[in-house]
1. Given contacts defined as C-alpha pairs under 8 Å and at least six residues apart, what's the relative contact order of the chain, whole-number percent?
2. Tell me, what is the percent relative contact order of the stretch 56-199, built from C-alpha pairs under 8 Å that lie six or more residues apart?
3. Please work out the C-alpha center-to-center distance from the stretch 97-123 to the stretch 311-349 and express it in whole Å.
4. Taking Rh as the Kirkwood radius computed over C-alpha pairs, what is the Stokes-Einstein D of the chain at 25 °C in a medium of viscosity 0.890 mPa s, expressed in µm² per second?
5. Enumerate the aspartates and glutamates that residue 19 could reach by cross-link, defined here as Cα to Cα under 16 Å, with residues fewer than 8 away along the same chain left out.
6. Taking R0 as 45 Å, what's the FRET efficiency between residue 76 and residue 56 from their Cβ-Cβ distance, rounded to 0.05?
7. Gain in length, residue 324 to residue 357, computed as 0.36 nm per residue apart minus the alpha-carbon separation, to one decimal in nm?
8. With a 1.4 Å probe and all protein chains left in place, how much of the accessible area of the chain comes from carbon and sulfur atoms, in whole percent?
Amino acid sequence: MKETQSNKSVIAPLNLFLKERIMQRCDYYESISNKHRTSSGYTQVKELIKLCELTHKRGKTIRSLLMLLEEGKSPLIKQNIVNDLIINEYFKDIREYILNYDNQALKNTTNNSPLLYELFRTLKKFETQLDKFYFNALKDEFNKIDYLTSENFQRTADHISDLVDLLIPYLLFQGYSISSLSAIIEIMPNPKIDRIINFFNFKKRNYFFFHVLGKERTSEVTDFINLMKEDIKSELEGDDINKVDLYESDIEKDIIVFYQQQALDPHNHVRLSYDRLLKRLVIKKERQSLATFNEFFDNSFWSTKRNIKGIRKILLEGDPINVNSRGRTLRNTLIKCAQELQFDFNEGSSVPLVKKEQLQNSIYYYNLALGSKSIENSLSLLWTSLEAMIPYRTATSDIESVQKFVASSLCIGAVCRDIHSFASSITKKIPDKLTDLTCSTFKDHYSKDGLLEWFNWLSQKDGERFEIVKNCSPLLSYQYCKLGKSYSEAKLEYLEKRIKASYESIVYQLQRIYLHRNQIVHSGDFVNEYTNLWMHLEWYVGKMLAFFVINSHFIYKNKSLEDIYRELEADHDYLCSYLEKNRSTKIKDMSPRIVSLLFQHSWQSF
């Protein structure tokens, strides 16, 4: 439901900010830097316990355990154990334990070491404390906020934002979906925190689930109904129901099966049902047709009543388990870059058959991954695509080479992503105000020149602009102040930390992805966190493939992948070296060549 201007006027700005921030984090089409995370101090403790158990079974997992301990105490990672606001305020012993833990002592230990058992035992004790008190403490922090005051808006909005970034991972860990969170927040006219928490109360509700199976009762449809019966362990009721009640279309009849079942979250229930049904079907017989899964989510609905007129569509847009909604970073990047770099590529174009076999293989695995109905296969294929494209190794182990390759390449776009996200939001939300804000003539914010114009615009302090933005959106005014103050007042140390934080975040995320990929390959195991992991991996692979395709096919026909990557690696090293040596220089006084380099790789901004 759209908020009218009159509705907005009665909502306290901080309540509206709470709503906008949650909606932004839940938006699958947001910048990857602004999307929700599945990690927090709470989930990292859980993750460490799991890794202790895996290391006990398989000693090589010690590297992942050590990397997670490093991530948990990093000063640059915002959503980790030592920086988790709730752990800082209510569980200081956990923070101190992780902060002072001797990773080096654990490095050379065996999988049966007393040190490993002691770490496991201590973490289990902390887990008990967190399970009992963490969420109540999070609620208390939300409830302490005076949402009606307009004083210290920026500081209070900062605090709300940090709490939102802890609330979302907690709800996801407990079994709720981003789709439900987004849908519920969107329809709340006045999104107060107590209403949000009262709805997400961790109690199962009765739901009716409906699935449309087409007009003809073929043997394939009958087999699928039987498969569903086995899965839910209850009788399904099915009948021919007029499709006009469902879609308001002219098609006369479809077969619809429906069943009643208790669930915490309807969207997550159907997602998990899809995964189980796919596995059951493949287990039953090899070379089985999977056609019934092609439109599975488009044909799935839910309701709290048996009446079919009240049904709602299952919303898994952007969720990688829905093949039709998976990201297409390679194609999208080529389309956007074609406009700036003046080469021919549009929505109807095919990805070019590049000459370099190494790149061909990587694109092949990437496209296979996008089309695979199995999320396990898709994740494994994406990783294969990533390893296949690395021009040269920069470390002794495969994972270290991958981490260095991806992190050093994509971290330099962190500043571009911040600016692009803000520019996208402001041009979409308040297009009628762009002239008043003096930014209506800016070049496309997907381009280097456009990003530079927005950077200069944000660097200028302007009270009139702020008032215009503030009256339109609390979230936009918050971002305007946060970025504007940094670019106009801060030193280069701010940019250095931003790029380093991006580098570390990519390294830790890749380690997590690598661990789960190995669990699939070596033991057939899988995890519930696949959505966030898959989206990040697809973005990494798609961006790097686009970079190589553009530079080896559209711009330079005979340039090797090694030379292309070496230039990008040199840009990273030069930029980081300059920022480190000149960290006390004001951002507004930095060298023009550094400003140019900062926005040169605009392909990383979206």
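1. Values: 763 pairs, mean separation 93.2, N = 606.
Relative contact order comes out at 15 percent.
2. Numbers: 75 pairs, mean separation 28.4, N = 144.
In percent, rounded to a whole number, it is 20.
3. 44
4. Values: Rh = 26.3 Å.
Approximately 93 µm²/s, per Stokes-Einstein.
5. The reachable aspartates and glutamates, counting only those whose Cα sits under 16 Å from residue 19, are 3, 27, 30, 146, 158, 162, 165, 186, 194.
6. Numbers: r = 30 Å, r/R0 = 0.67.
For R0 = 45 Å, the calculated efficiency reads 0.90.
7. Working: separation 33, 0.36 × 33 = 11.88 nm, distance 2.81 nm.
Extra length available between residue 324 and residue 357 comes to 9.1 nm.
8. On the way: 13490 of 27620 Å².
Here carbon and sulfur together make up 49 percent of the probe-accessible area.
The values are calculated or read from the model by the stated rules, or taken from the named source; none is laboratory data. Everything quoted here is computed from the prediction, not taken from an experiment. Positions of Cβ are generated from backbone atoms using ideal geometry, with glycine treated the same way; all protein chains shown enter the neighbour counts. Heads up: the accessible areas ignore ligands, DNA and RNA and are worked out on the full protein's heavy atoms, side chains in. Shrake-Rupley method; radii C 1.70, N 1.55, O 1.52, S 1.80 Å.
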